[in-house]
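First the structure, in the form of structure tokens, and then the observations on it.
Where a number appears in this text, it was derived from the coordinates with a stated rule and is not lab data. Owing to the predicted nature of the structure, the values given are computational and were not obtained by experimental measurement. Counting neighbours? That spans all protein chains shown, and the Cβs are built from the backbone with ideal geometry, glycine included.
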């Protein structure tokens, strides 16, 4: 059982109430205050007796992330949040407004140990995993701060979600619970750089979430140069796991492909990518790589990106060029946290 009450399922709360001599219905009240009304402290729970609040305080932490910095894009209204955790670590989240609803991208770890060469999240290494409540509360805090409901959740911020598997699984259960925010599984995307055993484990859960796999290169040799995880799992192993995921869930795989000038954006790269994923039920998300000052990768120009997309479509592969959001506020993963760690205002 977790030490923080916001990571409990309703059933676990009910069991605890019975064990401690409390009425089982109190669990539903507590759960509603935490996951529907999104209160920040026990004191805000108006219909909970004082003695029960005190008992909860003595037994459990109450996670409520605090906003340290908020940036808002003048281009598209995207908001980026730097949140402080109870142990003084920080994580970042992004709120994006689309025609189909509001989407939030959250972090799953403090830092990251995957070491992808184009990502700012990994620059200071890995500190620790986030609790289910710490993942949830990024969404809850943003809902309160923006005053708008979140309809889509993407676990694609700092960290490798499948490297924090058990906490991620509990987070997904709480996020989609009909007694909480009740966000549809189909409106949730989980990203991974390619942890093959965990992809298969997630497939066996038969959830209806979207799995987004960071591909970024279509040969093992090239992928190993930019993604250390490729030294552990080959593309053959990764693609086999993705096919297994589709077969178990019926959910189309999304492949993330960051276009890096002169690295993976040539006609040869197109042919290799077609050879790798052609015939799969998949979608390729082409992403203009985000410039990170600590790295020397440059973004492919628009003409190259359009040509890459058109070539893939000629081979019958569905793809889009991701709309860039929040570029003027360092919208890429890890950049705001990195700036905070470096002491920049």
Inset, instruction - Treating the angle as unsigned and between 0 and 90°, give the value, to the nearest 10°, between the Cα long axis of helix 10-19 and the longest Cα principal axis of the chain. - result: 30 degrees
Legend entry - Compactness of segment 66-341 as Cα Rg over 2.2 N^0.38 Å, two decimals: 0.95
Legend entry - Stokes-Einstein D (µm²/s) once Rh is taken as the Kirkwood radius of segment 71-157 over alpha-carbon pairs, at 37 °C in 0.692 mPa s: 242 µm²/s
Inset, instruction - Could you work out how far helix 165-176 tilts from the main Cα principal axis of the chain, as a 0 to 90 degree angle to the nearest 10? - result: 70 degrees
Inset, instruction - Compare the peptides 311-321, 253-263 by average per-residue count of other Cβ atoms within 10 angstrom and give them in order, highest first. - result: 253-263, 311-321
Inset, instruction - For n ≥ 4 DSSP H runs only, could you compute -39500 (n - 2.57) per run for the chain, divide by its residues and tell me the 222 nm figure to the nearest 500? - result: -10500 deg cm²/dmol
Legend entry - Nearest-ten-degree value, helix 267-277 long axis tilted from longest Cα axis of the chain: 50 degrees
Legend entry - Mean-position separation - Cα centroids, segment 56-80 and segment 225-243, in angstrom: 34 Å
Legend entry - Whole-Å semi-axes of the ellipsoid equivalent to segment 160-220 (Cα gyration tensor, √5λ, descending): 24, 12, 9
Legend entry - Sorted by Cβ density within 10 Å, fewest first, the residues 246, 8: 246, 8
Legend entry - Per-peptide average of other Cβ atoms within 10 Å, ordering 17-30, 211-224, 136-149 highest first: 211-224, 136-149, 17-30
Inset, instruction - Give me D for segment 5-59 in µm² s⁻¹, whole number, from Stokes-Einstein with Rh from the Kirkwood sum over alpha-carbon pairs, 37 °C and 0.692 mPa s. - result: 295 µm²/s
Inset, instruction - Would you order 118, 297 from fewest to most other beta-carbon atoms within 10 Å of each residue's own beta-carbon? - result: 297, 118
